[in-house]
1. Using every alpha carbon pair in the range 120-230, what percent of pairs falls into each 5 Å bin from 0 up to the bin containing the largest distance?
2. State, as an integer percentage, the relative contact order of the chain based on alpha-carbon contacts under 8 Å between residues 6 or more apart.
3. Tell me the label only: which of [x] 60, 40, 35; [y] 65, 48, 44; [z] 62, 49, 39 is Cα extents along the principal axes in Å as calculated from this structure?
4. Which whole-angstrom value gives the distance between the alpha carbon centres of the range 45-83 and the range 331-347?
5. In Å and from the alpha-carbon atoms only, list the Rg and Dmax of the range 97-181.
6. Give the angle, between 0 and 90 degrees and rounded to the nearest 10, that separates the Cα long axis of helix 156-168 from the longest principal axis of the Cα atoms of the chain.
7. Please pull out the direction-averaged projected area of the range 149-208, using the convex hull of its alpha-carbon atoms, in nm² to one decimal place.
8. Leaving out ligands, DNA and RNA, what percent of the accessible area of the range 206-345 is carbon and sulfur, probe 1.4 Å?
Amino acid sequence: MKRRDFIKYIGSSALSFPISSLMATQQSVQSSNFSNWTSYRLTFQVDLPDKGSSARLWLPLPDTNDPGFQFTQGSNWNGNATKASFSTIGTSAFPIFKAEWQGKQKGNQRHITVSCIVKTSNHSFDLGLYPASKNSALPSSIKNYLNPTHLKPTNGIVRETVHSIIKERNAAMTLEQARSIYDWVIDNAQYDQGIRGRGQGDVKSMLERNDLTGKCVDLNSLFVALAKAANIPARNQYGIRINESKLHPCIGQYGDISQSQHCRAEFFLAGRGWIPVNPADVQQVSKLENLPLNDPKIVQLREKFFGTWEMNWLTFNHAEDLSLNPVNNTGKLPFFMFPHAEIDGKTLDSLDPENFSYKITSAELIGTGVKF
């Protein structure tokens, strides 16, 4: 049986949760039917070594920008940091937590605990209702998502590849082109369990080496870069799995989710908005279950994940080529999905638990009358 954290809040005796200065009060969700939303507590516990004279930590937090499928209701922290704060990064003001320690810790580890309350809801579009012949103009605010990034260029081999895909499949309309790219990624890429972390998303290198293997960042970045090169706005959403999947055991996690970071992709369809896609999870199930792409289970997932995200997951941000604040010595990050820390200006390896210890846990919250 799945472990759950059943916490009941009743009327005025409900727990009062300390709220950070970045808490969003989205009017669009205040009138929602909350019976369709699932509440979670997301908790980060970080221990940094006591070596060195100074340390800094950055944590990505659940997005508060009202994406329509999740929203947050507050965050708090405790620990022995010299100073710490909830803040934002990037032009889209994505939420983060940052902490600093000054001076020797005298044998005591640098410790921080950060807790957030987040709600998620089903995120799905019925694309069968979208006119096949429709190619509307893009809003000016969306055109930025056509721009290349350091690891996802839109010229050269990327553009050549997507033009070949579209021509081969005779795809004329935006929706047809996006589906063609999605199918091509699933048909030609492969999930590789041996890749460290969640991959790098170096699309140009993948195509030049003709090695389309990787994990979620690699496979979904392939979709995003190809879509952009076809003049379809697209982006990765970087986040973490927070619950078990109802579709397949290997694409969900509950409780200790320290190694459950996961990115997904989406493209913009004028007249409908951001459309969720998830080719990486189709490939993951196919690989781990040793199922061919024509197996009925994989065929079903392929159809499901073009227009749907199972919301056993939440997003932190879609930031790329990102500079942390205060300025760190690493330079720009290609994406921000894992905790990031430095000691005396030297970056710690976020995938090395012996030198950078952190634990991330999820707990589903059940009850009514929640008060924050």
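1. 2, 11, 20, 21, 20, 15, 8, 3, 0
2. Details: 806 pairs, mean separation 93.9, N = 372.
RCO, the chain: 25 percent.
3. [y]
4. 13
5. Cα radius of gyration and Dmax of the range 97-181 are 23.0, 68 Å respectively.
6. For helix 156-168, the angle is close to 50 degrees.
7. Details: hull surface 19.1 nm².
Value for the range 149-208: 4.8 nm².
8. On the way: 2050 of 4550 Å².
Within the range 206-345, the accessible surface is 45 percent carbon and sulfur.
The values are calculated or read from the model by the stated rules, or taken from the named source; none is laboratory data. As the structure is a computational prediction, the values presented were derived from the model and not from experiment. Cβ: placed from backbone, ideal geometry, glycine included. Neighbour counts: every protein chain shown. Surface areas here come from the heavy atoms of the whole protein model, side chains and all, with no ligands, DNA or RNA. Shrake-Rupley method; radii C 1.70, N 1.55, O 1.52, S 1.80 Å.
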